[in-house]
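Visitor: Below is the structure I would like to discuss, written out as structure tokens.
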Amino acid sequence: MKKGFFFIIGSMVMVGCSSASTEAPAVEPPVVSNETPAATNETEAVTNETWTDEYGSPMGMDFPLAQPEEFTFHYHARNTYAFNEDWPVFKEMQEITNISLKNTANPVGTNSVEQLLLQAVDRFPSDIYGGDNIASYFMQYGPEGGFLPLNDYWDNLPNFRAFLDDNPDVEAAITAWDGNIYHIPYIQSGGVARTYFMRTDWLDNLGLEVPTTVEELENVLIAFKYDDPNGNGINDEIPYFNDNWMEMMRLVNLWDARCYGMDSYVEKVIPTEDGSVYFAWSTPEFKVGLENLSRWYDMGLIDREIFTKGVASRVEYLPKDIGGMTHEWTPSTSAYNDGVNIDGFKFEVIAPPITATGNQWEEHSRLKVKPDGWAVTPNCSNPEAAFAYMDYIYSDYGRILSNYGVEGLSYDMVDGKPTFNDYVLNNDENVAVNIFLETYIGTQLKHGYWMDYEYEYQWTHEIGRAGVDLYTENDYSVIQMPPLPWNVEQKQVIDNRLPNINMYTNEMVQKWIIGDPSVIDAEWDMYLAELEKLGLSIVLDTYQEAYTSYLEKLEN
Ligand code: CA
């Protein structure tokens, strides 16, 4: 039987709210999935009743609850902030469900993972836990009784269950070694994330074309270095730069070598189409890439301060008119086209340069399943309601809430699509849209929700959008390592050995890039032997086990 109900949207106090953005968003796929509404079949009574909201989306419980319910919620994210009970999104959730969340995380904590692990000592006393980079702990402590398995509560999780049925890769990635699922993850959509950017107005100044091959790229970088593209008569240009030297390492892609398995600088193991895995930083191609990076560094084509600069390159080099090229996040980097006060400044997305062997790829990709999310503990007195609350975030309206916030406050409906308004786009805090939403509205949190890429596309500069379209249409993407379902022994091997291997490889490549390129060949065998001593084979065997079980789960 169906128990429909109607709720009133947004009786929120509106602060400085104004009409919709003047700039209509470019056309993209619809915001909310057009899945057919929940089945409303009137079949004979069964144990799981179907409740739906006013949009026809299923609900895991008959919301709003007759009696108000409060859950304690330990949420800490970005090593910075805790859950804020006043966020408009959660006031709206309270209207819908009659459930409120009470923060228990330390708002002045500076390490989100540490904040969670401190709770482990007390057996996770709060009702619900959430945050970023903690999913592996849900999968570790869940089987030990720290968190409740979702498997016992599917009746209360209709939206998330339907999502998993449509996304078996997600189910495989979040299933713990004991076969249970203990958390609802943060799911990203839209693959394009980092792209190559180049000062195309500098190309114009020098009468050069956009480089299409690695060979042409090298010549452009040499011209940026020596031909004074900024026209100030001083040899002050930095042809290639990155905010993070670990990101610069990805340039080995230009010599056919993989660098990272996924969107993480500590993931150097790469999966292949045949189901095997390998370590990227010890392949012959990686060595060739490294020799070329060392050569480019010697030639002054790569920022001399790349290893010491920290994360201040874009914000310094672009306004100073000295940075020529980078590989970075599309929304934030394309925003410099409006934020920099230089005549003719154009920092445009270029396609990945084609390698000498004809490869053209973009290694970086947005991770579909983030290691973020939330989970319920056995201390929760009403887990059915807690799971139903979390599940509602995956409903159609829940997706709008968790991506766009509250209608009339942070967005308006324009042509049937939630569209950010000036309150968000030109916010008084003068911060990036995603930061504003996360900090002041309570959307885009690192708990379990399903990102709608349109949210980001709406506020990405037109140059960034053109780049996203270019990379999407041509699909330069390559295979990514999913989050792996480590069991206890496997996780121990990785935790014990991988940090040393990563540290050693990082130290050696820095030394080699700064030093004479010929040293790499002389020291390569010693480097491989040292990696063996640090247990690289054992680590790779462990990865192979976990990746194979991931693939097996995927096939079932
Ligand atoms: Ca100059």
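Visitor: For the structure I just gave you, tell me whether Asp391 is at pLDDT 95 or above and not in a helix (DSSP H, G or I).
Guide: Criteria not met by Asp391.
Visitor: Another question about this same structure. Taking only the stretch 320-352 into account, find how many residues are surrounded by fewer than 14 Cβ atoms within 10 Å (Cβ to Cβ) and among the acidic types (Asp, Glu).
Guide: The total comes to 2.
Visitor: Sticking with this one: Of all residues in the stretch 322-341 being assigned to a loop (DSSP other than H, G, I, E, B) and in contact with a helix residue (DSSP H, G or I) (Cβ under 9 Å, 6 or more places away or on another chain), which is farthest from the ligand (Cβ to nearest atom)?
Guide: Here the residue is Ala335.
Visitor: Which numbered condition in (1) surrounded by 20 or more Cβ atoms within 10 Å (Cβ to Cβ); (2) farther than 24 Å from Gly131 by Cβ is the only one that Gly191 fails?
Guide: Gly191 satisfies all of (1) surrounded by 20 or more Cβ atoms within 10 Å (Cβ to Cβ); (2) farther than 24 Å from Gly131 by Cβ except (1).
Visitor: Quick test for you: out of Asn502, Asn506, Asn434, Asn496, pick the one residue that is part of a helix (DSSP H, G or I), touching a Lys or Arg at 6+ places or on another chain (Cβ under 9 Å) and surrounded by fewer than 20 Cβ atoms within 10 Å (Cβ to Cβ).
Guide: Asn502
Visitor: Need pairs with beta-carbon distance below 7 Å; first residue without any contact (Cβ under 8 Å) to a residue 60 or more places away in the chain and farther than 9 Å from His74 by Cβ and within the stretch 106-134, second in a helix (DSSP H, G or I) and of a type in the set (Gly, Ala, Ser); sequence gap 6+ or separate chains.
Guide: none
Visitor: Only one residue in Gly373, Gly398, Gly358 is in a loop (DSSP other than H, G, I, E, B) and either closer than 19 Å to His461 by Cα or more than 16 Å from the ligand (Cβ to nearest atom) (or both). Which one?
Guide: None of the other options fit; the residue is Gly358.
Visitor: For the stretch 257-272, give me each residue that is within 19 Å of Ile302 (Cβ to Cβ) and either among the β-branched types (Val, Ile, Thr) or modelled with pLDDT of 95 or more (or both).
Guide: Matches in the stretch 257-272: Ala257, Cys259, Tyr260.
Visitor: Quick check on my filter: what residues within the stretch 437-466 are in contact with a helix residue (DSSP H, G or I) (Cβ under 7 Å, 6 or more places away or on another chain), assigned to a helix (DSSP H, G or I) and under 29 Å from His183 (Cα atoms)?
Guide: Scanning the stretch 437-466 gives Leu437, Ile441, Tyr455, Glu456, Tyr457.
Visitor: May I ask you to say which residue of Ala257, Ala223 is within 16 Å of the ligand (Cβ to nearest atom) and either crowded, with 23+ Cβ neighbours inside 10 Å or without any contact (Cβ under 8 Å) to a residue 24 or more places away in the chain (or both)?
Guide: Step by step, each of Ala257, Ala223 is checked, and only Ala223 is within 16 Å of the ligand (Cβ to nearest atom) and either crowded, with 23+ Cβ neighbours inside 10 Å or without any contact (Cβ under 8 Å) to a residue 24 or more places away in the chain (or both).
Visitor: Still on this model: Would you mind telling me which numbered condition in (1) at pLDDT 95 or above; (2) closer than 26 Å to Ser477 by Cβ Gly344 fails?
Guide: (2)
Visitor: Select from the stretch 353-388 the residues that are among the β-branched types (Val, Ile, Thr) and crowded, with 22+ Cβ neighbours inside 10 Å and list them in ascending order.
Guide: The answer is Val376, Thr377.
Visitor: Could I ask something else about it? Quick one: Trp177 ticks every box in (1) surrounded by fewer than 23 Cβ atoms within 10 Å (Cβ to Cβ); (2) within 16 Å of the ligand (Cβ to nearest atom) except a single one, so which number is it?
Guide: Unmet condition: (2).
Visitor: Any chance you could count how many residues in the stretch 230-246 are within 15 Å of the ligand (Cβ to nearest atom), under 37 Å from the mean Cα position of the chain (by Cα) and surrounded by fewer than 23 Cβ atoms within 10 Å (Cβ to Cβ)?
Guide: Qualifying residue count for the region: 2.
Visitor: Output the residues belonging to the stretch 87-103 that are under 25 Å from the mean Cα position of the chain (by Cα) and not in a loop (DSSP other than H, G, I, E, B).
Guide: Those that are under 25 Å from the mean Cα position of the chain (by Cα) and not in a loop (DSSP other than H, G, I, E, B): Pro88, Val89, Phe90, Met93, Asn103.
Visitor: Continuing with the same structure: Is it the case that some residue within the stretch 481-492 is assigned to a helix (DSSP H, G or I) and of a type in the set (Asp, Glu)?
Guide: Yes, that holds for at least one residue.
Visitor: Just checking, which of Tyr317, Tyr297 is within 22 Å of Thr460 (Cα to Cα), among the aromatic types (Phe, Trp, Tyr) and crowded, with 19+ Cβ neighbours inside 10 Å?
Guide: Tyr317
Visitor: Evaluate the stretch 112-119: report whether one residue or more is at pLDDT 95 or above and part of a loop (DSSP other than H, G, I, E, B).
Guide: No: zero hits.
The values are calculated or read from the model by the stated rules, or taken from the named source; none is laboratory data. Keep in mind the model is a prediction, meaning the values are calculated, not measured. Backbone-built Cβ (ideal geometry, glycine too); neighbour counts: all protein chains shown.
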